[in-house]
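The values are calculated or read from the model by the stated rules, or taken from the named source; none is laboratory data. Fair warning: this is a prediction, and the values are worked out from it, not measured in the lab. All Cβ positions, glycine included, derive from the backbone under ideal geometry; neighbour counts span all protein chains shown.
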Amino acid sequence: MPSFDQTPDKPQPFGFKVNWFALKASDHGSVLDAFEVGEATPSNWASGLAAAYSHDAPRGDDRWIFVSPPVNGWILAVSSSLPYPTIETHHNIGGKFDALFARSIMRFDDVQFSGSHRGVGFVAWARALKGKPIRLAP
């Protein structure tokens, strides 16, 4: 298990080889609930993102998700293992994304998803406003 530092720090950059949701929210608990996070451990940006990228994390659906503190009315959920929009049936990734996206757009007025992995040329983006998907590009 990684070491989670709780010393406050500033937002850290992240990018390739990760999927993330940006949710218009200020309540950390509502995001944890929407993402069905069973057990949460507080962390700062540096240690939370390190865990989200970690290859030592548990496999499958139990990998680490960093849920950020609110930043200007947004909360970010970041992980290398978040599901993404796809028609592929491998591990039901597309179905898992659909379920998570549907839960999120019913709870938050603005939901955005982005995923990228430059090594394999993967990019995906989705957005919903007030419960209505306006963009879904696997």
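Numbers for the structure displayed
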{"item": "Single residue of region 32-47 satisfying the filter (farther than 24 Å from Ile105 by Cβ and not β-branched (Val, Ile, Thr)) that is surrounded by the most Cβ atoms within 10 Å (Cβ to Cβ)", "result": "Ser43"}
{"item": "Enumeration of residues in region 107-122 that are among the hydrophobic types (A, V, I, L, M, F, W, C) and farther than 10 Å from Phe16 by Cβ", "result": "Phe108, Val111, Phe113, Val120"}
{"item": "Some residue of region 53-61 being among the hydroxyl-bearing types (Ser, Thr, Tyr) and touching a strand residue (DSSP E or B) at 6+ places or on another chain (Cβ under 7 Å)", "result": "yes"}
{"item": "Selection count, region 7-19, where residues are surrounded by fewer than 16 Cβ atoms within 10 Å (Cβ to Cβ), out of contact with any helix residue (DSSP H, G or I) (no Cβ under 8 Å at 6 or more places or on another chain) and of a type in the set (S, T, N, Q)", "result": "1"}
{"item": "Residues (among the aromatic types (Phe, Trp, Tyr) and either modelled with pLDDT under 90 or touching a helix residue (DSSP H, G or I) at 6+ places or on another chain (Cβ under 6 Å) (or both)) located in region 33-69", "result": "Tyr53, Trp64, Phe66"}
{"item": "Odd one out for Ala22, checked against (1) closer than 21 Å to Leu129 by Cα; (2) loosely packed, with under 11 Cβ neighbours inside 10 Å; (3) not β-branched (Val, Ile, Thr)", "result": "(2)"}
{"item": "Lone qualifier among Gly48, Gly29, Gly15 - being without any contact (Cβ under 8 Å) to a residue 12 or more places away in the chain and either over 25 Å from Lys132 (Cβ atoms) or not β-branched (Val, Ile, Thr) (or both)", "result": "Gly29"}
{"item": "Any pair with Cβ under 7 angstrom, 6 or more apart, that starts in region 97-114 at a residue that is closer than 16 Å to Val78 by Cβ and ends at one that is of a type in the set (Ser, Thr, Tyr) and at pLDDT 95 or above", "result": "Val111/Ser104"}
{"item": "Elements of type strands (runs of 3 or more DSSP E) in region 64-138, at least 1 residues being surrounded by 18 or more Cβ atoms within 10 Å (Cβ to Cβ) and of a type in the set (Phe, Trp, Tyr)", "result": "110-117"}
